[in-house]
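> To start, I am sharing the structure in question, which I have written as structure tokens.
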Amino acid sequence: MPCSLDGNSITALLMRLLRLLCLRVSVLCALQINLSLLVIISSFRLLYVYISAQLVLNRYPTLIASQVRNPAARKAGLEVSLFRRLSTAHPHAVIDLTHQYRMNEDIMLLSNRLIYGDRLKCGTEEVARRTLVLPDGGKYLRMMHTGKQTCGKDCWMDKLLSESCKAVFVDTDLLPAQDTRVGDLVQNPTEASLVHQITKTLLRSGVTESQIGVISLYRQQIKLLSHLLQDHKEIEILTADRSQGRDKECIIISMVRSNDAGQLGDLVKDWRRMNVSFTRARSKLIIIGSRKTLQSAPLLSEFFTLMHGKKWILPLPPNADKMHSHAVQPIILQCGRIPGKRPAMKEENKTIGKENDAITRPIKKIKKARTDVGVLRGRPILQDIMIGGN
Ligand SMILES: Nc1ncnc2c1ncn2[C@@H]1O[C@H](COP(=O)(O)OP(=O)(O)OP(=O)(O)O)[C@@H](O)[C@H]1O
């Protein structure tokens with residue numbers, strides 16, 4: 001992300017000298033423990049911290065600010081960081097670092113247009129072209145659709161997981177996907193189920209758990225998602241605040257808010273949180289939500305104009321959540337294994353199968369003959385014949 005610091009070269013030189021001095025004195029200290037030296041070191045370090053603090057105060061004016069919970073402190077203006085105040089008062093002393101090495105150019109475009117005024121650039125061509133390639137080459141997707149007529153020719157899951165789809169809004173407006181309440185908390189079970197199905201399909205296509213991150217602004221939705229994905233401990237399921245500083249190859253965001261009254265709440269309107277959520281993915285960003293409900297927020301209305309212009313909105317058909325529900329069922333291997341990382345045996349597989357496996361078949365229970373009773377008792381050869389015959 002662009003970050004800013006004072007470019008004054010004299011001060012920078014002074015800092016460098018101080019740092020060197022601190023290092024020298026630290027080495028001396030390691031050799032010869034001396035109380036007076038320690039005092040000198042502490043003084044230098046304090047001076048260094050003091051000068052640094054004046055130069056690099058808050059590198060992230062466009063990310064989530066520290067929360068000031070005390071209402072009086074908030075009212076007194078403590079929520080506005082010192083950096084924000086200084087950079088507003090002295091714009092000439094601020095330099096933007098514009099190169100980023102995380103997002104491909106499609107994902108970067110979102111925050112670039114919405115927040116950074118097109119100043120961001122991809123650090124390298126490789127970063128710009130980054131894409132999520134399914135390790136099995138789409139084999140699982142093809143197999144998943146064999147004999148299934150429900151999706152039709154243009155299956156939404158195929159489109160979503162294609163390499164060219166790098167930033168996408170998955171629109172649930174045609175589905176019964178309303179948000180619901182648990183006490184004061186908001187959740188969206190249909191969105192959670194869609195996230196579950198997409199995640200499973202990614203995993204069965206060979207994407208690893210550690211490459212996937214799921215974000216929601218709502219704690220109750222995080223709880224729901226954590227329950228559905230409980231067998232995949234390496235998938236990080238995070239609030240926007242917790243996702244700050246993290247990145248993943250593929251990020252799935254569940255926006256949750258979907259209702260006829262157009263109620264949004266404050267979280268969705270918080271552009272810093274939205275910016276953080278939109279900038280966590282390296283190769284693929286999937287945002288799931290209700291366009292009708294969300295587009296009333298000013299930042300998101302711009303977002304939808306951009307996504308629409310780019311043809312990056314994927315409207316789900318009315319029964320989309322039922323089309324791939326089999327993707328979340330356990331399956332077992334009968335024929336060849338699909339290439340890609342083989343996940344560890346998980347709770348859901350204990351009964352019958354393994355991830356990445358092909359065709360479901362009933363499990364035949366093997367009955368073990370009792371060889372320790374009746375005429376078989378004490379006749380090992382007869383016992384062997386009986387066991388072999390099972
Ligand atoms: N010079 C570089 N070359 C290659 N990759 C880089 C370089 N600098 C940073 N990255 C990668 O870019 C990503 C973002 O870097 P970093 O975490 O430093 O950014 P940030 O500004 O702290 O981001 P944020 O605060 O938004 O999480 C990381 O995945 C990091 O590995």
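The values are calculated or read from the model by the stated rules, or taken from the named source; none is laboratory data. The model shown is predicted, which means the values in this text are computed figures rather than measured ones. No Cβ is skipped: glycine too gets one built from the backbone with ideal geometry, and neighbour counts run over all protein chains shown. Accessible surface is based on the protein model in full, side chains and every heavy atom, while ligands, DNA and RNA are left aside. Shrake-Rupley method; radii C 1.70, N 1.55, O 1.52, S 1.80 Å.
> Which order do the peptides 267-277, 207-217 take when ranked by the mean count of other beta-carbon atoms within 10 Å per residue, highest first? Intermediate results must be reported in sequence, preceding the final value.
On the way: 267-277: 20.3, 207-217: 22.5.
So the order, starting with the most tightly packed, is 207-217, 267-277.
> Can you list the residues of region 204-236 with backbone N under 13 Å from a point 7 Å past the Cα of residue 270, pointing along Cα to Cβ?
Correct set: 216-219.
> Something else: Given region 181-302, report the % of alpha carbon pairs whose separation exceeds 17 Å.
Value for region 181-302 (Cα pairs over 17 Å): 53 percent.
> Here is a further query. How long are the semi-axes of the ellipsoid equivalent to region 137-239, from square roots of 5 times the Cα gyration tensor eigenvalues, in whole Å, largest first?
Semi-axes from the Cα gyration tensor: 25, 18, 12 Å.
> Within region 113-143, list the residues whose amide N lies under 12 Å from a label point set 7 Å along Cα→Cβ of residue 101.
Hits in region 113-143 for residue 101 at 12 Å: 123-124, 127.
> Still on this structure: Can you order the peptides 191-200, 82-91 by their average number of other Cβ atoms within 10 Å per residue, highest first? Mind showing how you got there, number by number?
Numbers: 191-200: 24.1, 82-91: 13.0.
Top to bottom by mean Cβ count within 10 Å: 191-200, 82-91.
> Roll a 1.4 Å probe over the protein chains and send me the accessible area per residue for region 105-326 in Å².
Value returned for region 105-326: 42 Å² of accessible area per residue.
> Pairwise over distinct Cα atoms, reciprocal of the mean inverse distance: report the Kirkwood radius of region 105-326 in Å, one decimal place.
After inverting the mean inverse Cα-Cα distance, the result is 17.6 Å.
> While we're looking at this one, here's another question. So how far, in whole Å, is the C-alpha centre of region 105-146 from the one of region 284-313?
17
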